[in-house]
Amino acid sequence: MQPVYVSGHRNPDLDSIASAVGYAELKSRLEPDTQYLPVRLGELNPQTRWVLERAGAQEPQYLPHIRLRACDLMRTQLTCVGEGDAVRHAGIAIDSDDYDLVPIVNGEDVLVGVVTARALARRYVRERHDTGVDTLAVPCSELMEDAEVLASPDDLVSDVGEQLKHSHQGTAIVLDEEGRPAGLLTRSDLVSPMRRRVLLVDHAEQAQAVPGIEQAEIVEILDHHHIGSIETRAPVKAVFDPVGSTATLVIERFRRNGVEPSRESALLLLGAVLSDTVILKSPTTTDRDAAVVDYLERALEIDARDFGRQMFEASSNVADISAEEIVRRDAKGYKSASGTPFLVAQIEVVGRGLLARQDELLDAMRRERSSQGVALYALMVTDILDNGTELLVAGDVGAAARAFGVEPANGSSSLTLPGVMSRKKQVAPKLLAAL
Ligand SMILES: [Mn+2]
């Protein structure tokens, strides 16, 4: 039986990975006859890697696509016959396996050709007729021909089918890396092929889903976003429940079923709730997210807020990134009402660690300001946990200070702006009006 892949969205975040791992664990425990396999659709972000490491959990397997592959459909019950064996053995194999051909292999079990039922019949009839001699004792190598359609286990069934259409043999031989037959695919296998199965967590948008989703069978959707563009052929259980994270829904289902998550999954899921809700502070947070965090805090015997803060600190670590890159990588250009060009960059941090590099950052900003020919270059150092921004300014600090109605500390090039988080809504408009 093929597994059910449990998949979050592309460019996976922690919630997508943790929910896939956690929900696959729960489903496997509830339905032991089905294998639920968590997968990832891309590289893990630093936050996810940090939590996986803390939890001692495995990185989920990478799933490049969910289109049907030769290995999903091929028949693995097959008899191969040695090239030196008598043709009689090929006949027996064809008869017992009910294929139209039999793979012929050398001493290393590597495919060297095929003997087809048609060739066998033709030869037998002709020689009986001509000579009255039973020819079934000659070696297979005498009757052998080249295999017309060869495939690798990962080849797409649609591609193999296309080749089979134009082949007389009507059967594809799937070879492993060493060239040994691993399975067979016949034309009749392609008539109404099965689909690979997937359970979607944390998304329901076709463009965010695993490539080939339109060919797959979606068995369930568990999500906390808006209802997206996914289409299904059959009715499926689909949940779109607006809580702070999909991990919240996963933990609620563990509890409802009286199942305790493993320690690894519990820590991953806790990280995911804290990540999506910015430690229960984002406006999307609900009481149910808080209840799940309470439960996990007790189950894991850890301080969730402290864990969350460490998680954000570890993943917002920019110590290794140069000042040039920090001031450049998320910079947006503007022109004020009076025609003054300026740039505002932003970096999200946790804690005040980055501000120790203030002089270095300001030097880089001054260089950028002159090379880009702007009047003012600002960098928002935004603390996502403390809900505030330290605005570093290269240019007329006094003018920027007046725009926000604050006083810069004596001789300082930085403004403290509590509650300011949004460049678009809280910073750019003020500078656009004031400069
Ligand atoms: Mn999410």
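The values are calculated or read from the model by the stated rules, or taken from the named source; none is laboratory data. Everything numeric in this text was worked out from a predicted model, so none of it was measured. As a convention, Cβ positions derive from the backbone with ideal geometry for all residues, glycine included, and neighbour counts pool all protein chains shown.
May I ask you to verify whether S192 is away from the ligand (no atom under 16 Å from the Cβ) and exposed (fewer than 13 other Cβ atoms within 10 Å of the Cβ)? The answer is yes for S192.
Residue-by-condition table, conditions (1) farther than 13 Å from V250 by Cα; (2) within 16 Å of the ligand (Cβ to nearest atom):
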residue	(1), (2)
R10	yes, yes
D15	no, yes
A18	no, yes
G22	no, yes
E25	no, no
E31	yes, no
P38	yes, yes
E43	yes, no
W50	yes, no
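I'm trying to understand the selection: among the residues of region 54-96, which are part of a helix (DSSP H, G or I) and closer than 30 Å to V6 by Cβ? Listed by number, the residues that qualify are R54, A55, A70, C71, D72, L73. Here I104 passes the criteria (1) surrounded by 14 or more Cβ atoms within 10 Å (Cβ to Cβ); (2) part of a helix (DSSP H, G or I) except the one numbered (2). Of T34, T79, all but one fail to be touching a helix residue (DSSP H, G or I) at 6+ places or on another chain (Cβ under 8 Å) and within 24 Å of A247 (Cα to Cα); the exception is T34. Number of residues in region 176-206 that are touching a residue at least 40 places away in the same chain (Cβ under 8 Å) and under 28 Å from the mean Cα position of the chain (by Cα): the value is 12.
The combined condition, being in contact (Cβ under 8 Å) with a residue 12 or more places away in the chain, surrounded by 17 or more Cβ atoms within 10 Å (Cβ to Cβ) and farther than 19 Å from A331 by Cα, is not fulfilled by L354. Restricting E231, E205 to residues that are under 20 Å from I66 (Cβ atoms), within 13 Å of the ligand (Cβ to nearest atom) and not aliphatic (A, V, I, L, M) narrows the list to E205. Within region 317-324, can one find any residue that is more than 27 Å from R54 (Cα to Cα), in contact with a helix residue (DSSP H, G or I) (Cβ under 9 Å, 6 or more places away or on another chain) and not hydroxyl-bearing (S, T, Y)? Yes: region 317-324 contains one or more residues that are more than 27 Å from R54 (Cα to Cα), in contact with a helix residue (DSSP H, G or I) (Cβ under 9 Å, 6 or more places away or on another chain) and not hydroxyl-bearing (S, T, Y). Would you tally the residues in region 394-435 being in a loop (DSSP other than H, G, I, E, B), under 40 Å from the mean Cα position of the chain (by Cα) and in contact (Cβ under 8 Å) with a residue 12 or more places away in the chain? Count: 3. The residue of region 241-291 that is nearest to the ligand (Cβ to nearest atom), among those that are outside any loop (DSSP other than H, G, I, E, B) and at pLDDT below 95, is D276.
Checking the structure you have, find out if any residue of region 160-179 is within 16 Å of the ligand (Cβ to nearest atom) and either among the β-branched types (V, I, T) or loosely packed, with under 15 Cβ neighbours inside 10 Å (or both). Among the residues of region 160-179, not one is within 16 Å of the ligand (Cβ to nearest atom) and either among the β-branched types (V, I, T) or loosely packed, with under 15 Cβ neighbours inside 10 Å (or both), which makes the answer no. Per this entry, H225 is counted among residues that are in the same structural domain as R10 (by TED's automatic domain parsing) and surrounded by fewer than 18 Cβ atoms within 10 Å (Cβ to Cβ).
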